[in-house]
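Participant: My questions all concern the structure below.
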Amino acid sequence: MTMMPLVSYSQDNTWERSEQTTESKTNPDQKYLAGAVPEKDGRVTFTTTIKAPGKNKKQIFDLLLEDMTKMTKEANQFEQSRILSADEETHNQIMASYQEWLVFKNKPLNLDRTRLFFNLIADIKDGEATITFTRIHYLYDEERDAFTYKAEDWITDKYGLNKKQTKLARVSGKFRKKTIDRKDYIFNRFTQLLNK
């Protein structure tokens, strides 16, 4: 019996080749490209309205206040993170300020991160809440030579993308990507909370 050497032809299947071709055409950073960072009155501002069927204003207020307070105490937060105001009488609005680590890369001997500052505002009505993520800025490389960047001068389409707006910019692109990811996480968290 003759022994044939085991050779791996892992990509000889036609179905594998066609999938690879499809994947190479799709830009993995598509959701971070042009239009992903909205500006309102000259300020980077992300906003979403979350429906909360069957919940009144007080119920929504209580749920969001509890969760936004819980966020101030999470592991990545600085002690300066806090609830700025919560309208206990009318249950119309909650405002919070956060300072947290936004980690780009965490490998042995290579920790790349920035301090992210932002405000969250929840405007509440019966059956819905409008969440605003705004006043975003960064303190980068504070252990050595600290740089402060305002979102308006760093992650907008003008600064966070290449000239053709087909790729993330080399340095500011990582800030843009992680900020959008953080915003998405918070908005999804509140959506799940209000739809329980």
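Participant: About the Cα centre of the chain, what is the dipole size in debye to 20, counting +1 per Lys and Arg Cβ and -1 per Asp and Glu Cβ, all else neutral? All intermediate terms of the calculation are to be shown ahead of the outcome.
Facilitator: On the way: 33 positive and 29 negative charges, 91 e Å.
The calculation lands at about 440 debye.
Participant: For the chain, which longest stretch is free of loop sites, where a loop site is one of the GluC sites (Glu not before Pro) that DSSP puts outside H, G, I, E and B and that has at most 13 other Cβ atoms within 10 Å?
Facilitator: Working: sites that count: Glu74, Glu79, Glu88, Glu89, Glu142, Glu143.
The longest uninterrupted stretch comes out as 1-73.
Participant: Continuing with the same structure: Can you compute the charge dipole magnitude of region 110-196 about its Cα centre, using +1 on each Lys and Arg Cβ and -1 on each Asp and Glu Cβ, nothing else charged? Give it in debye, rounded to the nearest 20.
Facilitator: Using only the charged Cβ atoms, the result is roughly 400 debye.
Participant: Here's a follow-up. Where a ≥ b ≥ c are the square roots of the eigenvalues of the C-alpha gyration tensor, would you call region 20-141 rounded, which needs a/c under 1.5, or, failing that, prolate if a/b is larger than b/c, or oblate? Each step should come with its number before you reach the end.
Facilitator: Details: a/c = 2.13, a/b = 1.41, b/c = 1.50.
It comes out oblate by the Cα gyration axes.
Participant: Classify region 106-163 as rounded, prolate or oblate from the Cα gyration tensor: take a ≥ b ≥ c as the square roots of its eigenvalues, call it rounded if a/c is under 1.5, otherwise prolate when a/b beats b/c and oblate if not.
Facilitator: Note, shape of region 106-163 comes out prolate.
Participant: Principal axis lengths of region 61-118 from Cα atoms, whole Å, largest first?
Facilitator: Largest first, region 61-118 extends 50, 17, 16 Å along its Cα principal axes.
Participant: A follow-up question, please. Can you pull the three principal axis extents for the Cα set of region 79-196, in Å, largest first?
Facilitator: 47, 35, 26
Participant: How far apart, in nanometres, would the label points at Phe147 and Gln93 be if each is projected 7 angstrom from Cα along the Cα-to-Cβ direction?
Facilitator: Between Phe147 and Gln93, the label points sit 3.4 nm apart.
Participant: How high is the FRET efficiency from Glu128 to Asp181, r the C-beta distance, R0 25 Å, rounded to 0.05?
Facilitator: With R0 = 25 Å, the Cβ-Cβ based efficiency is 0.55.
Participant: May I ask you to compute the full-extension gain from Asp41 to Asn162, defined as 0.36 nm times their residue separation minus their alpha-carbon distance, rounded to one decimal in nm?
Facilitator: Answer, rounded to one decimal: 41.2 nm.
Participant: Using 0.36 nm times the number of residues separating Lys196 and Ala34, minus their current alpha carbon distance, what extension gain do you get?
Facilitator: Between Lys196 and Ala34, full extension yields 55.0 nm more.
Participant: Loop sites only, by DSSP: take the chymotrypsin sites (Phe, Trp or Tyr not before Pro) in the chain that have at most 14 other C-beta atoms within 10 Å and name the longest stretch containing none of them. Can you show the working numbers first?
Facilitator: Numbers: sites that count: Tyr9, Phe78.
Within the chain, the longest run free of exposed chymotrypsin sites (Phe, Trp or Tyr not before Pro) spans 79-196.
Each reported figure results from applying straightforward, stated rules to the coordinates on display, with no laboratory input. As the structure is a prediction and not an experimental result, all values here were calculated from the model. Ideal geometry is used to build each Cβ from the backbone, glycine not excepted, and the neighbour counts take in all protein chains shown.
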